[in-house]
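Everything below concerns the one structure shown next.
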Amino acid sequence: MNESDALRDGDGDEGRAGVPARFAACRTEDVALLDAHLPSGQATSFHARRFARQCAGGSTYLVAWIDGVPVGNGEVRWGGCAAPEVREALGDCPEINGLDVVAELRGRGIGTGLIRHAEALAVRRGTARIGLGVDETGNPGAARLYARLGYRPAVRYLDRWSYVDHDGTEHQQADPTLFLIKELDGGVA
């Protein structure tokens, strides 16, 4: 069974507020739906780039679905975080990157479901830990969620990224970020 099949088997995960969601690795036919329902505001498809990394074997791009509509996503980057500070401290610790849930459904367990599916994939790969970055001051709700799920501070770094908007303007971002890690039960040390 491949990762995509394993995720589709768990079709009925419900969030804390009873929102039924299905979690699955992205498929080719999902990219257009992701672009339509979760637009990124970028000139090229954010979702297509993540899906291409998955197809190349570097990641698994997870999508949360409710009634056939994508409502959240996140990418597990198997080679670890690109930030030099994180790589120096933690090597190639897999990273859950860019976790997002549509605003009106936040706080209903969908983000938790995405994280748990990412963790389960990591355990199946024999990974002993997994991490993710959070902007502690700009995203306190996410920081609380990650702490509740057992993620602990590991490395502070500056998350640098860029994108080109629909007008062709390139934007450079640099966000102070805290990388958190979680030791996984069943992973190989």
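Data overview
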| quantity | calculated |
| --- | --- |
| ³J(HN,Hα), Karplus 6.51/-1.76/1.60, whole Hz, each residue of the stretch 61-74, x for Gly, Pro | 9, 8, 10, 9, 10, 10, 6, x, 10, x, 10, x, 7, x |
| ALA147 versus GLU183: modelled label distance in nm, points set 7 Å from Cα along the beta carbon direction | 2.1 nm |
| Protein-only accessible surface order, largest first, of HIS47, HIS171, HIS166 at 1.4 Å | HIS166, HIS171, HIS47 |
| Dipole magnitude (debye, nearest 20) for the stretch 30-189, charges at Cβ of Lys, Arg, Asp, Glu | 580 debye |
| Tensor-based shape of the stretch 28-68 (alpha-carbon gyration tensor, a/c under 1.5 rounded, otherwise prolate or oblate) | oblate |
| Overall form of the stretch 48-189 per C-alpha gyration tensor (a/c, 1.5; a/b vs b/c) | rounded |
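The values are calculated or read from the model by the stated rules, or taken from the named source; none is laboratory data. Note that this is a predicted model, so its numbers are computed, not measured. Reconstructed Cβ throughout: ideal geometry from the backbone, glycine too, with neighbour counts over all protein chains shown. The protein model used for the area step is the full one, side chains on, heavy atoms only, and it has no ligands, DNA or RNA in it. Shrake-Rupley method; radii C 1.70, N 1.55, O 1.52, S 1.80 Å.
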